[in-house]
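The values are calculated or read from the model by the stated rules, or taken from the named source; none is laboratory data. Bear in mind that the values here come from a model prediction, so they are computed numbers and not experimental data. Don't worry about glycine lacking a Cβ; one is built from the backbone with ideal geometry, like all the others, and counts go over all protein chains shown. In case anyone asks, the SASA skips ligands and DNA or RNA and just uses the protein heavy atoms, side chains included. Shrake-Rupley method; radii C 1.70, N 1.55, O 1.52, S 1.80 Å.
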Amino acid sequence: NYDYIFTVGYHHDIELKKLFQLNNKKLPTLIQHGSEKLDEILLSNYESKINNKILSKVIIGLSWGEGSLSEDIEFISVLISKLVEMNLVVVLRPHSMTLKRIPDYFDKISLRLNTEKLKGILFDKNSNQKDAIINSDFLVTDWSGLSFEYAFGYNRPILFIDSKPKLRNKNWIDLN
């Protein structure tokens, strides 16, 4: 029921054309708009602050939803513990949908970590702000879209956790 859809690029155009064709629907006008978040980062003339320095602050930004690593409290607790043991400052930045699905998310993780570990972790409770991202040295993620902004916008390293793919559209294969 849309007249226009703003897309990130040609790859989205192809997918949407196929989707509307499969559903026998009239294709709205597609406008290649780009990625607003990534464009904002690139236009801000941000320069990477990693120039042969020792990495010290890691941000954990994982995808959300049933079966995602971010909602596996035990996994997150172990990951944080291992990173803190490496003398890294850890910023846990869950997706806003994770916080909606698990309102006591930070409390559950805090209970699993001992007091010593909590000294090396920061909980980012506002995923709309960029401060935690700008002030981190590298990202640990899975299938999160944050990886695109982080890699292409800030030109910083990412550690991807090989996990079960995030699947929101069970008919994705139909879109080629």
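Gain on full extension, evaluated as 0.36 nm per residue between Lys108 and Phe160 minus their Cα-Cα distance, stands at 16.3 nm. Dipole size of the chain about its Cα centre, with +1 on Lys/Arg Cβ and -1 on Asp/Glu Cβ: approximately 140 debye, rounded to the nearest 20.
To the nearest 0.05, how large is the calculated FRET efficiency for Lys170 and Phe123 if R₀ is 35 Å and r is the Cβ-Cβ distance?
Working: r = 33 Å, r/R0 = 0.94.
Computed FRET efficiency for Lys170 and Phe123: 0.60.
Model label points for Asp13 and Met86, set 7 angstrom from Cα along the Cα-to-Cβ axis, are 4.1 nm apart. Scanning residues 5 or more positions from Trp143 or on other chains, those with amide H under 5 Å from its amide H are Ser63, with H placed 1.01 Å from N in the peptide plane. Exposed loop sites here are GluC sites (Glu not before Pro) in DSSP loop states with at most 10 other C-beta atoms within 10 Å. What is the longest stretch of the chain lacking them? In short, 67-176. Here the 3J(HN,Hα) profile of segment 159-166, calculated from phi with Karplus coefficients 6.51, -1.76 and 1.60 at θ = phi - 60°, is 9, 8, 8, 6, 10, 4, x, 6 Hz, Gly and Pro shown as x. Loop-resident trypsin sites (Lys or Arg not before Pro) (DSSP state other than H, G, I, E or B) in segment 141-176 with no more than 11 further Cβ atoms inside 10 Å of their Cβ: Arg168, Lys170. For Lys108, the lysines whose Cα falls under 24 Å of its own Cα, not counting residues fewer than eight places away in the same chain, are Lys57, Lys82, Lys100, Lys117, Lys119, Lys125, Lys164, Lys166. Heavy-atom accessible surface of His95, to the nearest 10 Å², is about 70 Å², with a 1.4 Å probe and all protein chains retained. In the context of the full set of protein chains, the chain has a per residue accessible area of 66 Å² (1.4 Å probe).
Per-residue ellipticity at 222 nm from helix content only, as computed over the chain with -39500 (n - 2.57) for each DSSP H run of at least four residues, stands at -8500 deg cm²/dmol.
The C-alpha atoms of the chain define a longest principal axis, and helix 10-22 lies at about 60 degrees to it.
The charge dipole of segment 78-176, taken about its Cα centre with unit charges on the Cβ atoms of Lys, Arg (+1), Asp and Glu (-1) only, comes to about 300 debye.
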